[in-house]
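The values are calculated or read from the model by the stated rules, or taken from the named source; none is laboratory data. Keep in mind it's a predicted model, so treat the numbers as computed, not measured. Because the Cβ atoms are built from the backbone with ideal geometry, glycine has one as well, and the counts that use them run over all protein chains shown.
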Amino acid sequence: MESCKEGSAEAPFKHIYIEEDIESSALKITEHFPDAEIIRIKHYKDVFNRPRQSFTGQKASPNLIIARKHGRLIYEGAPVCQDFGNKHFYYTSCVMNCLYDCEYCYLRGMYPSANPTVFINLDDIFSELEGLLQEHPVYLCVSYDTDLMAFEDLTGYVKRWCEFTASRKDLTIEIRTKCARTDLWDILSPCERVIFAYTVSPQEIISKYEKGTPSLKMRLNAVKSAMEHDHPVRLCFDPMIYIKGWKEVYAGMFKEVTQNIDADHIKDFSVGSFRISSGYLKNMRRMMPDSEIVNFPFELINGYYQYPKALEEEMEDYMSELIRMAVPKAEIFRP
């Protein structure tokens, strides 16, 4: 669901589940939905982990869960994810699930529920992070399991992350997004250690497989606006999706990129073809038996499914060469 606010996403939640002991802390979120039915629960997993949920059905009509996250809050990055040359690579999830509905998204195979879940104890994540920073520098991805930019009106977490990072010289964060909002740049102060990483896909992929997400044109407009406000921007051509005529499709996309933004001033580029944990793909195939993407005859290597090696290298080499032809000194990262 895409609202009129330049690519932000805001779902009209009919039901909001709130853990009993944090109800007062959730008011800033629930006030956005005055008509929603508030349902009090003891623990978010009582709802989130229910058996036999319909991920697809919940995507069409999601409910919101507001909770407090316990236990460990920051995790080491998975091998399948890019670390961009950082030794101490971590991720955290202050929100689970996304307002967008991408067919290839690993969240479909990872979680039993599609309902967005907002954890209100961001300060606890900050505290755990302070401890890590006492040991070594940290590179932290804060928008892996959601799109924080699309949730900003509800949570304000992007602004809080920017402010926290600006005052910690050994912390670098990445905020991954498909959101096309441009109004946020007026309230976010640029910091060289806060990287806005935009997933850039061909319009053919967006239209068919990235339901509810902003168009390529809107994303590039957001990228241009971020750069004009001096925010570091990473362009992520990841995941690349194999479709008929993929070379022409990705070449056309990249031509549109270079026509709309100054690629020489992009911080760096991420290139990677579709890859996913074997367990997640198994769940997704059961859920989407007719999906061309998830039922591709992938190769299983070290617990992860990926395109056959020759195809994977051809796709990533091709995209990397397109970038180098336009930006000879580009810094390109691959899995």
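Mind listing just one residue for me: the one in the stretch 87-113 that is without any contact (Cβ under 8 Å) to a residue 60 or more places away in the chain and closer than 20 Å to Asn295 by Cβ and, of those, surrounded by the most Cβ atoms within 10 Å (Cβ to Cβ)?
Going residue by residue through the stretch 87-113, those that are without any contact (Cβ under 8 Å) to a residue 60 or more places away in the chain are 87-93, 96-98, 105, 107.
So of that shortlist, the ones also closer than 20 Å to Asn295 by Cβ come out as 105, 107.
On the way: Cys105: 20, Leu107: 18.
Looking at the filtered set, the residue picked out is Cys105.
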task: Give the residues of the stretch 114-158 that are in contact (Cβ under 8 Å) with a residue 60 or more places away in the chain and assigned to a helix (DSSP H, G or I), sorted by residue number.
output: Glu152, Asp153, Leu154, Thr155, Tyr157
- line: Checked the stretch 225-255 for anything small (Gly, Ala, Ser) and part of a helix (DSSP H, G or I); matches are Ser225, Ala226, Ala251, Gly252
task: Search the stretch 261-277 for residues being aliphatic (A, V, I, L, M) and not in a loop (DSSP other than H, G, I, E, B), and hand back the single one that is surrounded by the fewest Cβ atoms within 10 Å (Cβ to Cβ).
output: Ala263
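If you go through the stretch 37-52 one residue at a time, how many are more than 26 Å from the chain's Cα centre (by Cα) and either assigned to a loop (DSSP other than H, G, I, E, B) or over 20 Å from His70 (Cβ atoms) (or both)? Working first, answer last.
Step one: filter the stretch 37-52 for residues more than 26 Å from the chain's Cα centre (by Cα), giving 37-42.
Keeping just the survivors that are either assigned to a loop (DSSP other than H, G, I, E, B) or over 20 Å from His70 (Cβ atoms) (or both) gives 37-39, 42.
Of the residues in the stretch 37-52, 4 are more than 26 Å from the chain's Cα centre (by Cα) and either assigned to a loop (DSSP other than H, G, I, E, B) or over 20 Å from His70 (Cβ atoms) (or both).
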- request: Sort through Ile241, Ile261 and tell me the only one that's of a type in the set (Val, Ile, Thr), touching a strand residue (DSSP E or B) at 6+ places or on another chain (Cβ under 9 Å) and more than 29 Å from Glu192 (Cβ to Cβ).
  value: Ile241
query: Would the stretch 160-173 turn up any residue that is within 27 Å of Lys208 (Cα to Cα), at pLDDT 95 or above and either basic (Lys, Arg) or surrounded by fewer than 21 Cβ atoms within 10 Å (Cβ to Cβ) (or both)?
result: no
statement: Given (1) farther than 16 Å from Asp238 by Cβ; (2) surrounded by 14 or more Cβ atoms within 10 Å (Cβ to Cβ); (3) touching a helix residue (DSSP H, G or I) at 6+ places or on another chain (Cβ under 8 Å), Phe296 misses just (3)
query: What is the residue count in the stretch 192-224 for residues that are surrounded by fewer than 19 Cβ atoms within 10 Å (Cβ to Cβ), in a helix (DSSP H, G or I) and hydroxyl-bearing (Ser, Thr, Tyr)?
result: 1
